[in-house]
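*Asks:* Would you mind keeping the following structure in view while I ask a few things?
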Amino acid sequence: MCLADVGTVLALDDTAGTASVQLGERVVDVSLAPLVLTGASAEVGDWLVVHTGLAVEVLDPGEAARIRDARAELHAPEGGTGQ
């Protein structure tokens with residue numbers, strides 16, 4: 001099963017159409033093609049939903065925080081808060 005992840009854009013490569021995205025403790029290069037196809041764009045500092053190496057959605061910071069908090073809850077020890 002594949003799950004999407006949420007990360008922040010660190011750098012853009014306009015020539016390649018990619019972005020370096022911080023996903024937790026790792027940095028990955030992702031394709032921005034799905035965003036371009038929908039007319040969206042990404043900037044350094046934006047939060048993205050990333051699925052299988054593709055940026056599929058730009059999130060506002062509040063929504064990104066809610067997703068990150070929900071994921072932390074899922075990974076928290078039973079009865080813990082994950083923080």
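*Asks:* Filter segment 14-23 down to the residues that are open to solvent by 60 Å² or more (accessible area, probe 1.4 Å) and in contact with a strand residue (DSSP E or B) (Cβ under 9 Å, 6 or more places away or on another chain) and list them by number.
*Replies:* ALA16 - this is the single residue of segment 14-23 that is open to solvent by 60 Å² or more (accessible area, probe 1.4 Å) and in contact with a strand residue (DSSP E or B) (Cβ under 9 Å, 6 or more places away or on another chain).
*Asks:* Name the residue that is most open to solvent (accessible area, probe 1.4 Å), counting only residues in segment 31-41 that are more than 20 Å from LEU3 (Cβ to Cβ) and of a type in the set (S, T, N, Q).
*Replies:* In this case the residue turns out to be THR38.
*Asks:* Given the options VAL44, VAL27, name the one that is in contact with a strand residue (DSSP E or B) (Cβ under 6 Å, 6 or more places away or on another chain) and closer than 21 Å to ALA72 by Cα.
*Replies:* Result: VAL27 is the single residue among VAL44, VAL27 that is in contact with a strand residue (DSSP E or B) (Cβ under 6 Å, 6 or more places away or on another chain) and closer than 21 Å to ALA72 by Cα.
*Asks:* Then there is this: Looking for whichever is exposed (fewer than 15 other Cβ atoms within 10 Å of the Cβ) and in a helix (DSSP H, G or I) here; the options are ALA11, ALA65. Which one fits?
*Replies:* ALA65
*Asks:* Look through VAL28, VAL44 and report the one residue that is under 15 Å from THR8 (Cα atoms), out of contact with any helix residue (DSSP H, G or I) (no Cβ under 8 Å at 6 or more places or on another chain), modelled with pLDDT of 95 or more and open to solvent by 80 Å² or more (accessible area, probe 1.4 Å).
*Replies:* Sole residue among the options that is under 15 Å from THR8 (Cα atoms), out of contact with any helix residue (DSSP H, G or I) (no Cβ under 8 Å at 6 or more places or on another chain), modelled with pLDDT of 95 or more and open to solvent by 80 Å² or more (accessible area, probe 1.4 Å): VAL44.
*Asks:* Now for a different question. With the condition kept exactly as written, say whether any residue in segment 50-60 is free of Cβ contacts under 8 Å to residues at least 40 places away in the same chain, open to solvent by 80 Å² or more (accessible area, probe 1.4 Å) and in a strand (DSSP E or B).
*Replies:* yes
*Asks:* Exactly one condition in (1) closer than 18 Å to ALA65 by Cα; (2) modelled with pLDDT under 95; (3) of a type in the set (Asp, Glu) is not met by ASP14; state its number.
*Replies:* (1)
*Asks:* Tell me which of these ARG71 doesn't satisfy, since it passes every other one: (1) of a type outside the set (A, V, I, L, M, F, W, C); (2) farther than 17 Å from VAL21 by Cα; (3) in a loop (DSSP other than H, G, I, E, B).
*Replies:* Tallying (1) of a type outside the set (A, V, I, L, M, F, W, C); (2) farther than 17 Å from VAL21 by Cα; (3) in a loop (DSSP other than H, G, I, E, B), ARG71 fails exactly one: (3).
*Asks:* Now for a different question. From the list VAL50, VAL6, which one is among the β-branched types (Val, Ile, Thr) and touching a helix residue (DSSP H, G or I) at 6+ places or on another chain (Cβ under 9 Å)?
*Replies:* Going through VAL50, VAL6 in turn, the sole match is VAL6.
The values are calculated or read from the model by the stated rules, or taken from the named source; none is laboratory data. Predicted model, so just to flag it, every value in this text is computed and none were measured. Please note: Cβ atoms are built from the backbone with ideal geometry, for glycine as well, and neighbour counts cover all protein chains shown. The accessibility values were calculated without ligands, DNA or RNA, using every heavy atom of the protein model including side chains. Shrake-Rupley method; radii C 1.70, N 1.55, O 1.52, S 1.80 Å.
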